[in-house]
Amino acid sequence: MKTKAQQYWRQNLIYLAILLAIWFIVSYGAGILFVDWLDQFRLGGFKLGFWFAQQGSIYVFVILIFVYVYLMNRLDKKFEFDEE
């Protein structure tokens, strides 16, 4: 049987893998791989592929940081590792 700390760490790694996969898809996928398809759309006067390569991936990364903090706070409470 896994200890509480092992279960906590496993769930943390799952969160990290999912969030990093999202960031990879947005930064590498939208900024490089899918740029030709995305360039048919415009955002703020710029082609969407260019926008993701220059700005979008940064915005998504910052949003993912807040999502990670939220998920980890919930995980801390679930496994009673919170400091409250």
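Per-structure values
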{"read-out": "Filter result (in a helix (DSSP H, G or I), aromatic (Phe, Trp, Tyr) and surrounded by fewer than 16 Cβ atoms within 10 Å (Cβ to Cβ)) within the stretch 25-76", "value": "Tyr28, Trp37, Tyr59, Phe61, Phe66, Tyr70"}
{"read-out": "Some residue of the stretch 59-68 being within 12 Å of Ala30 (Cα to Cα) and touching a Phe, Trp or Tyr at 6+ places or on another chain (Cβ under 9 Å)", "value": "yes"}
{"read-out": "Hits in the stretch 1-60 - residues which are under 15 Å from the mean Cα position of the chain (by Cα) and β-branched (Val, Ile, Thr)", "value": "Ile14, Ile18, Ile22, Ile25, Val26, Ile58, Val60"}
{"read-out": "Any pair with Cβ under 7 angstrom, 6 or more apart, that starts in the stretch 63-84 at a residue that is in contact (Cβ under 8 Å) with a residue 24 or more places away in the chain and ends at one that is surrounded by 12 or more Cβ atoms within 10 Å (Cβ to Cβ) and of a type in the set (A, V, I, L, M)", "value": "Leu64/Leu19; Leu64/Ile22; Val67/Leu19; Tyr68/Leu19"}
{"read-out": "Number of the condition not met by Gln40 [criteria: (1) at pLDDT below 90; (2) farther than 30 Å from Asp76 by Cβ; (3) of a type outside the set (A, V, I, L, M, F, W, C)]", "value": "(1)"}
{"read-out": "Among (1) modelled with pLDDT under 90; (2) surrounded by 11 or more Cβ atoms within 10 Å (Cβ to Cβ); (3) outside any loop (DSSP other than H, G, I, E, B) - the single one Asp82 does not satisfy", "value": "(3)"}
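The values are calculated or read from the model by the stated rules, or taken from the named source; none is laboratory data. No experiment lies behind these values; they were computed from the predicted model shown. In this analysis, Cβ positions are derived from the backbone assuming ideal geometry, glycine residues included, and neighbour counts consider all displayed protein chains.
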